[in-house]
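A quick write-up on the structure given underneath.
The values are calculated or read from the model by the stated rules, or taken from the named source; none is laboratory data. In this text, all values refer to a predicted model and were calculated from it rather than measured experimentally. Positions of Cβ are backbone-derived with ideal geometry, glycine not excepted, and every protein chain shown enters the neighbour counts.
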Protein chains: 4
Amino acid sequence: MLDKFRVRTDLALEAKESFEQDDVEIKGVVVEEEYDEKREIHITKVKIETEKGAKAMGKPIGTYITLEAPNMSDPDEDYHKEISTVLADHIRNLIDHSEEEQSILVVGLGNREVTPDALGPEVVGNLLITRHVIQEYGKLAMGKDKVNLISGIVPGVMAQTGMETLEIIRGVVEETKPSLVIAIDALAARSTKRLSRTIQITDTGINPGSGVGNHRHALTRETLGVPVIAIGIPTVVDAATIVNDTMENLIEAMEQSDHMKGFGNTWREFDSSEKYQLIRELISPHLNGMFVTPKDIDDTIKRISFTVSEALNMAFQLS
Amino acid sequence: MLDKFRVRTDLALEAKESFEQDDVEIKGVVVEEEYDEKREIHITKVKIETEKGAKAMGKPIGTYITLEAPNMSDPDEDYHKEISTVLADHIRNLIDHSEEEQSILVVGLGNREVTPDALGPEVVGNLLITRHVIQEYGKLAMGKDKVNLISGIVPGVMAQTGMETLEIIRGVVEETKPSLVIAIDALAARSTKRLSRTIQITDTGINPGSGVGNHRHALTRETLGVPVIAIGIPTVVDAATIVNDTMENLIEAMEQSDHMKGFGNTWREFDSSEKYQLIRELISPHLNGMFVTPKDIDDTIKRISFTVSEALNMAFQLS
Amino acid sequence: MLDKFRVRTDLALEAKESFEQDDVEIKGVVVEEEYDEKREIHITKVKIETEKGAKAMGKPIGTYITLEAPNMSDPDEDYHKEISTVLADHIRNLIDHSEEEQSILVVGLGNREVTPDALGPEVVGNLLITRHVIQEYGKLAMGKDKVNLISGIVPGVMAQTGMETLEIIRGVVEETKPSLVIAIDALAARSTKRLSRTIQITDTGINPGSGVGNHRHALTRETLGVPVIAIGIPTVVDAATIVNDTMENLIEAMEQSDHMKGFGNTWREFDSSEKYQLIRELISPHLNGMFVTPKDIDDTIKRISFTVSEALNMAFQLS
Amino acid sequence: MLDKFRVRTDLALEAKESFEQDDVEIKGVVVEEEYDEKREIHITKVKIETEKGAKAMGKPIGTYITLEAPNMSDPDEDYHKEISTVLADHIRNLIDHSEEEQSILVVGLGNREVTPDALGPEVVGNLLITRHVIQEYGKLAMGKDKVNLISGIVPGVMAQTGMETLEIIRGVVEETKPSLVIAIDALAARSTKRLSRTIQITDTGINPGSGVGNHRHALTRETLGVPVIAIGIPTVVDAATIVNDTMENLIEAMEQSDHMKGFGNTWREFDSSEKYQLIRELISPHLNGMFVTPKDIDDTIKRISFTVSEALNMAFQLS
């Protein structure tokens, strides 16, 4: 849900990059990269292994996989099928297969009435829901020996329900006892170049706010009692990001003139996170309730939600 | 939700009428009628007081209030305000006021993707939701001394979620502990003349299926642990109704000719519920998954959902 | 649009069948049938070649192709791709290829707010629209030597616009000068078994009302000045159909008893269209504004609109 | 439509303010202000009377009325009714009453799939459409001696239709011959404080792009042949605005430190429009396709579209 973007970034990849930018190395964080040339998909796996790494990254211990597919917002159906296939593989790898057949609850987070936040609700709307059929008629109704039971819910956002998402989901989990929760959410990115091109999959669940420590409203194994996989796609950027990026360009341009050098130097003394923080403070308080999103976001949401739901449908098939 | 219309009728008023038609009197059922001349609203209160009455009516013990407002589907805003006011009074009367301030969960039943079934979701979408604000900032945020906490949820239908509505609502009730649940639902009527003109309010909750005995998936005080008020408005008619009504007209027309008299007599030997049952059996099995609805149902749903949500907003105000 | 279902049936196939049922042969009407075994698609081509044939069929001179695919409402994506391919072939065959590159306006008829009538709007929403890109940046923007210019419009229904659909489309055609119009519409069928399983493609355009003679509001070559291909899919059934079918069952059942024989005989003296007419007259006048539709119509519309828009996207590709 | 916000601002009021800020007076522009204390509505009337004034303001000759109602996004129904009443008065004043009865076409501009751009489509969806009823049944059907004929259309945006909005509207105007067009549109503002609180009404129509000179795609008396009243409400802010505002805050903060004075001075040498232009150039090119909007925009659009359609319904009544 997009009211989370108090957060600097929802993407572990960007958290990592901001350190690299400042030439800092982080202990307890392992990064693997891979490029699928044929499909033009860049895959980064960030493993946060220690509490120290978690603190440095501002994200809990766990695995964060990022698929970057530059053409993901293009209307090429075959390409989308390929992304769905790759995504399905990674989802399957994160699922704990100690139980052969699972009952999986897919949660579509976000507000279906606000276009860039409607990703989660749209994904659930396209899913193949099977739990009620199997419970009523048995596995044979699906023509299979082994099946996963799939259920889905779109809880709405707090302004619509008056309830915390956690309250709703915990209630539903207690009643229907799934063995796994998968939460789909729209994210905020720091960079416009990530928008609608990046998918993050993690086994750490959803951690609104700072991510570490503040588990009050998180959807995690701790709060729900079952493993939680989160799939997130950036559909908005933080307003502070935009100001920050423009500032950098402005300073570069102005330093050509003699008496501006001083300003550039002062500005450079800040590290990237201090600069970001300063801008957040100076930004108009009105902006805290605002987001920045592309104008063609309607088509993008339609296309990507289909890609994700296809990936889930594939991942849920037991051969 | 409209998958309930296996049911003969969802309206207690129609159940009562079908007895009157056959000149049968029912013990344990008290009926009061009232006509609000100024507002042209006919109000009927059916009280089922004994188990015998419940069995005869095919509905549980409790109070069923029906408002009939012939012009309710017209686009006259002032008239709608008057209906909202009358409806608010009746809702207030059904609420148990032993606790001064209540936490009320409003449940919008039905499928928001199917126009005549979207009534419940639309009503919740127009409600003034306050629980999260009061919990975060206290009553003063509402500028009042006494407040009700209002929350709302749109659970979706089983084909979308794979879960029983009861499972979802029971989970949410256990987590958020409301003192009252109000469920809003689109109903099936036996007569096209009731469509979009009738509002039923009852303190017996939602009883899918036959209503009596089959409490497995009901939303009632028994299943949820708190009082449940249900507000229902007929937006579809049962296909068997239509066949039945046409049959009556056909027979009347045909009896003019000599050799048809016999048929009319045979047909008249059945009582109204036997005729209905016969037609249900003869109707094509394909029709069991179908409903009959007016073509301008989109405007009607928009208008009536607003009338109901306004009534709720009024009823929830503490002076 | 579904306000057309004053009509006995929108399907030429059903008009033909009703004659066969009465053992009548029609001159000026040629029928070819074909069964695509692999894909389980039954294809019927009805060619009305003379005015006499047109009068008998209640439909204008032209070609009517019907694809019947019993599993079309199932959620099998690969099967839908095959239907799209077959449908694309038939659309391509109906297009007059005297001009190599065409400017094609796709019109999505119907009311997007009423689920079974939203087919046309949904199809246009999924189309690849290219006219504005090619006009601004040239063919090379599409990476092709030869391209069709695709535009699309969702005019809305008269209750929403206060205007005849013909007025809107004729205005748009005069301004943007397409060489071909393709209109997509939800139809009424006589039989529940056709619902969501049948696609009709015709080069006669859209002929609301009786189809012959009443060209006042038709979307045809006569009224628009360019060829009009219509693609229709039945999503509702006529209420009179349902009564009629049940009557037949009722009579069969009742004839077992001695004194009912007379009725059956009288009823049988009518031919099928007289019976239908009689029922239409006896049916409650309220029903004229009503339709009968399946409860899972939301999923069906989503799936089929995607199948049709994919077929159009394929058909519009120039190798 | 929000693809217009290449524009510095869509609001004449803001254009005027940007001059005041730089202490410039503009000839040929008359400003009247008024405060409705009871209703807390600030009304500004900007009349551009000469070509010189038009050039200075970057807007065509005509009258621009702005209502500023700080509480317009609050959910207070009575207050909304008051705004509707005031707005109705101003709309009535702009209508040329030389013809007593008018045929009025209301155009809902924007993309209904993108929340902040859905204002126009929502307003048309709530309007009382009467043209088809009066044409079919005469004035008496409305129970009045004198009536306006109201029609409405939602043309969609170019990415959905492949056509210019002007092409569609001109075609519809030529076919249906209204005597007046009223266009409803979501606007971009320069200041977040205007969002969802300001309504602009003008008799100059819709002038995308710079407003003056570039009449190619405008909806105006020149392009449509009938008077065009435009009603616009800011629902997004330009990304450059946000950077600009933050820069000002940043400089103020930094000038406390000695070696930054120089920067402030250099920056101050630019006038406000030069600063804005500079930032537009330095802003990431990705941002040109983006907008900034409040997170609760769904509720705001629902509420305000209702307020505007009520005002139109009132304004269209002939006593």
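Observations, loosely collected:
- From A:ASP145, A:ASP117, A:ASP96, residue being at pLDDT below 95, surrounded by 20 or more Cβ atoms within 10 Å (Cβ to Cβ) and at negative phi: A:ASP117
- Matching residues in region B:205-227 - criterion: being modelled with pLDDT of 90 or more and over 11 Å from the mean Cα position of the chain (by Cα): B:ALA218, B:LEU219, B:THR220, B:ARG221, B:GLU222, B:THR223, B:LEU224, B:GLY225, B:VAL226, B:PRO227
- Residues of region B:99-109 that turn out to be in contact with a strand residue (DSSP E or B) (Cβ under 7 Å, 6 or more places away or on another chain), over 14 Å from B:VAL226 (Cβ atoms) and part of a loop (DSSP other than H, G, I, E, B), as a count: 1
- Any hit, region C:198-219, residues being part of a helix (DSSP H, G or I) and not β-branched (Val, Ile, Thr): no
- Residue check, D:LEU67 assigned to a strand (DSSP E or B), under 30 Å from B:MET314 (Cα atoms) and in contact with a strand residue (DSSP E or B) (Cβ under 7 Å, 6 or more places away or on another chain): yes
- Count of region D:123-169 residues which are closer than 27 Å to A:ILE297 by Cβ and of a type in the set (Val, Ile, Thr): 9
- Any chance A:THR235 is within 14 Å of another protein chain (Cβ to nearest Cβ), touching a Pro at 6+ places or on another chain (Cβ under 7 Å), at pLDDT 75 or above and not in a loop (DSSP other than H, G, I, E, B): yes
- Qualifying residue in region A:45-65 (condition: within 25 Å of A:LYS302 (Cβ to Cβ) and either in contact with a Leu (Cβ under 6 Å, 6 or more places away or on another chain) or among the acidic types (Asp, Glu) (or both)): no
- Evaluation of D:THR202 against (1) more than 9 Å from every other protein chain (Cβ to nearest Cβ); (2) more than 21 Å from A:ASP299 (Cα to Cα); (3) modelled with pLDDT under 95 (one fails), failing number: (3)
- When region B:169-184 is filtered for residues that are outside any loop (DSSP other than H, G, I, E, B), under 13 Å from B:SER103 (Cβ atoms) and more than 7 Å from chain A (Cβ to nearest Cβ), the ones remaining, listed by number, are B:VAL173, B:LEU180, B:VAL181, B:ILE182.
- For region D:124-142, a tally of residues being at the interface with chain C (Cβ under 10 Å from one of its Cβ atoms), touching a Ser or Thr at 6+ places or on another chain (Cβ under 7 Å) and part of a helix (DSSP H, G or I) returns 1.
Let's see how each residue does on (1) part of a strand (DSSP E or B); (2) within 17 Å of the chain's Cα centre (by Cα); (3) at the interface with chain A (Cβ under 8 Å from one of its Cβ atoms):
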position	(1), (2), (3)
B:ILE91	no, yes, no
B:HIS97	no, no, no
B:ASN111	no, yes, no
B:GLU122	no, yes, no
B:LYS144	no, no, no
B:SER151	yes, no, yes
B:GLY156	no, no, yes
B:GLN160	no, no, yes
B:GLU167	no, no, yes
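- D:LEU87 meets each of the listed conditions (1) out of contact with any His (no Cβ under 6 Å at 6 or more places or on another chain); (2) surrounded by fewer than 19 Cβ atoms within 10 Å (Cβ to Cβ); (3) of a type outside the set (Phe, Trp, Tyr); (4) at pLDDT 90 or above apart from (2).
- Considering region A:169-195, the residues that are under 21 Å from the mean Cα position of the chain (by Cα) and polar (S, T, N, Q) include one that is surrounded by the most Cβ atoms within 10 Å (Cβ to Cβ), namely A:THR192.
- Note on region B:13-50: residues that are at pLDDT 90 or above, assigned to a loop (DSSP other than H, G, I, E, B) and of a type in the set (A, V, I, L, M, F, W, C) amount to 0.
- Residue in region B:242-257 that is at pLDDT 70 or above, touching a strand residue (DSSP E or B) at 6+ places or on another chain (Cβ under 8 Å), crowded, with 22+ Cβ neighbours inside 10 Å and not in a loop (DSSP other than H, G, I, E, B) present: yes
- Scanning region D:135-155 for residues that are among the small types (Gly, Ala, Ser) and over 26 Å from C:GLY171 (Cα atoms) turns up D:ALA141, D:GLY143.
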